[in-house]
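Report on the following structure.
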Amino acid sequence: MGRPEEAFRILRFGHCVLRVRDLSAARSFSIDVLGFVPALEERDALSVRGIADFDLWTLGLVHLDEPGLDHFALRVEYSDDLDALEELHRTLGVPVTRVEAGREPGQGEALRVRTPDGHPVEFYHHMEQVPVYDDRGRVRLPMRSTHRFRGIPPMFIDHMNSRVEDPDASLTYWRDRLRFSISEYTVRDGKTFAAWLRRRRGTHDVAVVRSTGPSLHHVAYHVGEPADVMRTADLLADAGFRAQIDFGPGRHGLSNAFFIYVRDPSGNRLEISMGDYQRDLDAEPIRWEWEDYDEGGRLWWSPEYPARFLETTPVNPSWPL
């Protein structure tokens, strides 16, 4: 079977913007405690990145009364891909807006849509990059400043996990329209309960999980080794943030990754993880029956997980702007 013609190509999950009630508390938690690298700061917004992110920023924090997901973004291969994606979404009859370069710091022209399953998504091609040469013209990669790092620290943005009303309907969009590959999926009562979708060899860029409607479960950052996951737990407990540890440390059966989930001061959930497997995009998806997933998919080391782990935060109701 030959390769299908593609009018556009999505490369990866690029960044995420979260709403926070207290920007000062969010700044202290993300930069001073966890060790994110500050990128840009305004009166009502802050942007940060992981130490190995080459994009200028990958996590935005905006001051609003209600926490949750403002939007998340996907990078496309060429700027012309935005035209094809705009045409696709207008055909689907979903809300769409084209925004000029600079609307978000360092970002080029972008396309904003509300997906058919209700999530605020932005497509973009250009993002300003972190300098890789010092003032004398010598190579200085962004992760080569360990003498300045704090916290864990997070390395790079990895994925986001969303809640949707009907995962099978969502797959019509993510798999069939946007051409995401499914790495693993879970079936319950004859229907898809959850699916992990990717545009790279890792297990997922985006996950869709059955719930009552669109909401955010978590955004994830990758760290370098399993010990960093354990270090996150120590770091938070030692700094007086034991209550912010939501679930873990542990190991997922699905994806095989080590993880810890934490809540920021506004209640948004972050996952610090590493170790998911790498597999080709054309590989047959791995199917989990509900009983196997519920007993060993979320947590391989034990069937127990806290009830609060099922909580989510809302998504931006006003997107696209």
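The values are calculated or read from the model by the stated rules, or taken from the named source; none is laboratory data. Note that this is a predicted model, so its numbers are computed, not measured. Note that we place each Cβ from the backbone using ideal geometry, even for glycine, and neighbour counts take in every protein chain shown. Side chains included, ligands, DNA and RNA excluded: accessible areas come from the protein's heavy atoms. Shrake-Rupley method; radii C 1.70, N 1.55, O 1.52, S 1.80 Å.
Numbers for the structure displayed
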quantity: Qualifying residue in the stretch 186-194 (condition: open to solvent by less than 10 Å² (accessible area, probe 1.4 Å), more than 29 Å from Thr146 (Cβ to Cβ) and touching a Leu at 6+ places or on another chain (Cβ under 8 Å)); calculated: yes
quantity: Some residue of the stretch 209-223 being more than 17 Å from the chain's Cα centre (by Cα) and at pLDDT below 95; calculated: yes
quantity: Members of the stretch 280-321 that are among the aliphatic types (A, V, I, L, M), in a loop (DSSP other than H, G, I, E, B) and either at pLDDT 95 or above or buried (at least 17 other Cβ atoms within 10 Å of the Cβ) (or both); calculated: Leu281, Ala283, Leu299
quantity: Count - residues of the stretch 245-262 that are of a type outside the set (Phe, Trp, Tyr), open to solvent by less than 40 Å² (accessible area, probe 1.4 Å) and not in a loop (DSSP other than H, G, I, E, B); calculated: 6
quantity: Some residue of the stretch 275-287 being in contact (Cβ under 8 Å) with a residue 40 or more places away in the chain, in contact with a helix residue (DSSP H, G or I) (Cβ under 7 Å, 6 or more places away or on another chain) and on the phi < 0 side of the Ramachandran plot; calculated: no
quantity: Identity of the residue in the stretch 45-60, part of a strand (DSSP E or B) and within 16 Å of Glu122 (Cα to Cα), that ends up farthest from the chain's Cα centre (by Cα); calculated: Asp55
quantity: Whichever residue in the stretch 142-167 is more than 21 Å from the chain's Cα centre (by Cα) and touching a residue at least 12 places away in the same chain (Cβ under 8 Å) and, among such residues, is most open to solvent (accessible area, probe 1.4 Å); calculated: Arg150
